[in-house]
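Each remark here refers to the structure printed beneath this line.
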Amino acid sequence: MYKRLERNDPCWCGSGKKYKACHAAFDDKLIQLEHKGFRIPTRDLLKTEKDIEGIKKSAVINMAVLDEIGDKIRAGMTTQEIDDIVYNTTIKMGGIPADLNYEGFPKSVCTSINEEVCHGIPSEDVILQDGDIINVDCSTILDGYFSDSSRMFCIGNVSPEKKRLVDVTKECLEVGLKAVIPWTPIGDMGHAVHQHALDNGYTVVKEIGGHGCGKEFHEEPFVSYVSRPGTGMIMVPGMVFTIEPMVNMGTDEIFCDEENGWTVYTADLKPSAQWEVELLVTETGYELLCW
Ligand code: MF3
Ligand code: CO
């Protein structure tokens with residue numbers, strides 16, 4: 001699938017080096033994996049140094065916004081107030097909220113409470129209550145580069161059951177990160193995440209997952225957490241993607257709000273939690289870009 005270059009040609013990556021001294025061995029490794037039947041990334045999914053710097057700058061804003069939410073979030077606040085903080089802080093720092101108008105999404109951030117799995121829409125009418133758990137999922141565009149991360153917040157006195165869901169979901173993310181091993185298939189990572197959730201008596205949403213990210217909001221590959229080991233795209237140094245499992249206390253079945261067309265709920269209305277990070281695959285493992 002890759003165009004074969006002559007060994008003395010300039011490398012396709014733009015380094016200015018000869019191909020043989022740059023990406024030739026890298027490409028050989030990929031082609032061998034492809035011959036074994038694995039999916040490999042197209043070249044546009046491999047980020048350059050410049051791309052990575054751009055994503056990191058975008059992520060500085062995204063993380064500052066989430067820090068600000070963490071400082072201010074409390075019972076009695078509306079989710080519209082969270083949206084206002086996201087919009088104002090992002091714009092003040094020179095970025096654009098990636099969610100705003102994305103495929104018609106009406107607000108700057110997703111705020112998903114308790115049984116809301118994802119894509120909760122901020123509203124003046126939704127007031128945070130003592131005991132709620134909420135996911136704030138924030139994404140930023142800066143100079144055309146996308147960053148994407150989400151965090152859980154516990155409002156006031158949260159029940160031990162819900163607190164455990166939030167904590168185990170974070171552990172799922174950590175288990176996933178440990179499984180980001182370059183040159184192995186991404187299905188191994190997803191399976192490890194799923195297994196940790198199952199071991200704790202929870203389920204993982206299968207229809208919605210992570211994604212490549214950086215030059216566009218949602219790029220290949222789709223990052224599933226209900227995947228078989230040995231399947232899926234090979235994790236290649238230079239790839240950037242998110243890990244963002246949605247972990248449910250009860251059934252993994254979900255449904256979408258018919259009125260707003262966005263918000264996803266658990267079918268049994270039991271709580272759901274999610275944490276999201278964006279990472280770069282490196283030669284030795286991964287580097288977190290946004291969290
Ligand atoms: N931030 C979400 C993700 O992690 C996407 C939200 S899209 C929106 O991929 F339109 F709902 F904002
Ligand atoms: Co995402």
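Search the range 125-150 for residues being near ligand 1 (Cβ under 10 Å from one of its atoms) and charged (D, E, K, R), and hand back the single one that is surrounded by the fewest Cβ atoms within 10 Å (Cβ to Cβ).
Per the criteria, the residue is ASP137.
With the requirement that a residue be more than 28 Å from VAL158 (Cα to Cα) and among the aliphatic types (A, V, I, L, M), what does the range 247-291 give you?
Selection gives LEU279, LEU280, VAL281, LEU288, LEU289.
Does ASP99 fit the bill of being surrounded by 22 or more Cβ atoms within 10 Å (Cβ to Cβ), within 16 Å of ligand 1 (Cβ to nearest atom), not polar (S, T, N, Q) and not in a loop (DSSP other than H, G, I, E, B)?
So ASP99 does not fit the description; no.
How many of the residues making up the range 4-36 are closer than 22 Å to LYS50 by Cβ and exposed (fewer than 12 other Cβ atoms within 10 Å of the Cβ)?
Qualifying residue count, the range 4-36: 2.
I'd like the full set of residues that are out of contact with any Pro (no Cβ under 6 Å at 6 or more places or on another chain) and under 25 Å from VAL264 (Cβ atoms), limited to the range 88-106.
ILE96, PRO97, ALA98, ASP99, LEU100, ASN101, TYR102, GLU103, GLY104, PHE105, PRO106
Which condition breaks for PRO106 when tested against (1) near ligand 1 (Cβ under 10 Å from one of its atoms); (2) assigned to a strand (DSSP E or B)?
The failed condition is (2).
Please verify whether the range 225-239 includes one or more residues that are within 24 Å of VAL126 (Cβ to Cβ), surrounded by 21 or more Cβ atoms within 10 Å (Cβ to Cβ) and away from ligand 2 (no atom under 16 Å from the Cβ).
Checking the range 225-239: not a single residue is within 24 Å of VAL126 (Cβ to Cβ), surrounded by 21 or more Cβ atoms within 10 Å (Cβ to Cβ) and away from ligand 2 (no atom under 16 Å from the Cβ).
Taking only pairs six or more apart or across chains, which ones have beta-carbon atoms under 9 Å, a first residue in the range 67-81 that is touching a residue at least 24 places away in the same chain (Cβ under 8 Å), and a second residue that is among the basic types (Lys, Arg) and buried (at least 16 other Cβ atoms within 10 Å of the Cβ)?
ILE69/ARG151; GLY70/ARG151; THR79/LYS107; GLN80/LYS107
Suppose the filter is away from ligand 2 (no atom under 16 Å from the Cβ) and crowded, with 23+ Cβ neighbours inside 10 Å; does ASP83 pass it?
yes
Out of LEU280, LEU198, which single residue is within 12 Å of the chain's Cα centre (by Cα) and more than 16 Å from ligand 1 (Cβ to nearest atom)?
Only one candidate qualifies: LEU280.
For the range 133-147, how many residues meet the condition of being within 16 Å of ligand 2 (Cβ to nearest atom) and among the small types (Gly, Ala, Ser)?
Qualifying residue count for the region: 2.
When GLU34 is evaluated against the numbered criteria (1) touching a residue at least 60 places away in the same chain (Cβ under 8 Å); (2) assigned to a helix (DSSP H, G or I); (3) among the charged types (D, E, K, R), which criterion, by number, is the only one it fails?
(1)
Step by step: first the residues of the range 216-239, then only those that are away from ligand 1 (no atom under 13 Å from the Cβ) and within 14 Å of the chain's Cα centre (by Cα), then the one that is nearest to LYS162 (Cα to Cα). Which residue is that?
Here the answer is TYR225.
Given the conditions (1) over 15 Å from the mean Cα position of the chain (by Cα); (2) in a loop (DSSP other than H, G, I, E, B), report the number of the one that ASP67 does not fulfil.
(2)
When you scan the range 193-222, how many residues do you find that are polar (S, T, N, Q) and either at pLDDT below 95 or within 13 Å of ligand 2 (Cβ to nearest atom) (or both)?
Residues in the range 193-222 being polar (S, T, N, Q) and either at pLDDT below 95 or within 13 Å of ligand 2 (Cβ to nearest atom) (or both): 0 in total.
Tell me, which strands (runs of 3 or more DSSP E) wholly within the range 140-257 include 3 or more residues that are more than 30 Å from ALA75 (Cα to Cα) and free of Cβ contacts under 8 Å to residues at least 40 places away in the same chain?
No strands (runs of 3 or more DSSP E) qualify here.
The values are calculated or read from the model by the stated rules, or taken from the named source; none is laboratory data. Here the structure is a predicted model, which is why all the values come from computation and not from measurement. Note: ideal-geometry Cβ built from the backbone for every residue, glycine included; neighbour counts use all protein chains shown.
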